[in-house]
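Working notes, beginning with the structure itself.
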Amino acid sequence: MNQKQIRLINLFKYYKALPHQNAAIQELEAEIKALDPCILMRGAEGYNTWKSAPAVKPAVFDNTWDGIYNCAKEAGAKFPEVVAAQWALESAWGEHVSGKNNYFGIKGKGTIKTTWEDYGNGPVVIKDEFKDFDTPMACIIDLVDKWYKDYRTHKGVNRALTPEQCASLLRVEGYATDPNYASKLVSIMNRQKLD
């Protein structure tokens, strides 16, 4: 493999076929062709390098346990079953979103909804803002990138050795205020194994 191919593969390292990434790739290809139409012609070295980039077939979002599991796995979750359990718990098995395409109760600028939190003295009902996402896959990627993988100074829960430990770490790291969050996730995963 030559240096050009290595650089090209690195370019696609984080490619998830999101709409903005596809648009950027199309723009890049158009710019390359504008510079020299022969670079990407069949048989040219540039063509072979461009076509040698890894073919990424993104998981298609399916609002089911298996669909969430597959998308979470593709996004890089070490234990995609925990992501699927979060989806089941946070969205009532895909029935309710907290923001546009937000199946995980991810907070941020977007939709204001009534929710409950437990800050140590029992549940309290509050209004809070939940992040809106362009697509469900964008929501899953955001969750995995910021909670499962290392993110800024945060050590991701992918460091867990078991799904149960992963669920526990989500609670410890502050993903949820519910003191029973981890046990609820484990219970959902255990029930799913029986089905």
If you filter region 94-152 for chymotrypsin sites (Phe, Trp or Tyr not before Pro), then keep DSSP loop positions with at most 13 other Cβ within 10 Å, what is left? Y119
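Taking R0 as 30 Å, what FRET efficiency do you get between N180 and K100 from their Cβ-Cβ distance, rounded to the nearest 0.05?
Rounded to the nearest 0.05, the efficiency is 0.60.
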Any chance you could run the full-extension gain for T64 through D128? It's 0.36 nm times the residue separation minus the Cα-Cα distance, nm to one decimal. 20.4 nm
For region 60-126, what is the relative contact order in percent, using Cα pairs closer than 8 Å and at least 6 residues apart in sequence? 17 percent
Would you calculate the separation in nanometres between label points at A30 and L194, each defined as 7 Å from the Cα along the Cα-to-beta-carbon direction? 5.6 nm
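Which length gain, in nm to one decimal place, applies between I39 and T115 when the Cα-Cα distance is subtracted from 0.36 nm times their residue separation?
Full extension of this stretch gives 21.9 nm more.
Taking 0.36 nm per residue of separation and subtracting the Cα-Cα distance, what length does fully extending S187 through L161 add? Spell out each step's value before the answer.
Details: separation 26, 0.36 × 26 = 9.36 nm, distance 1.79 nm.
Extra length available between S187 and L161 comes to 7.6 nm.
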At q = 0.10 Å⁻¹, what base-10 log of I(q)/I(0) does the Debye formula yield for region 68-195 when every alpha carbon is treated as an equal point scatterer in vacuo? -0.28
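Only the coordinates and a few stated rules stand behind these numbers; no lab work does. Here the structure is a predicted model, which is why all the values come from computation and not from measurement. Because the Cβ atoms are built from the backbone with ideal geometry, glycine has one as well, and the counts that use them run over all protein chains shown.
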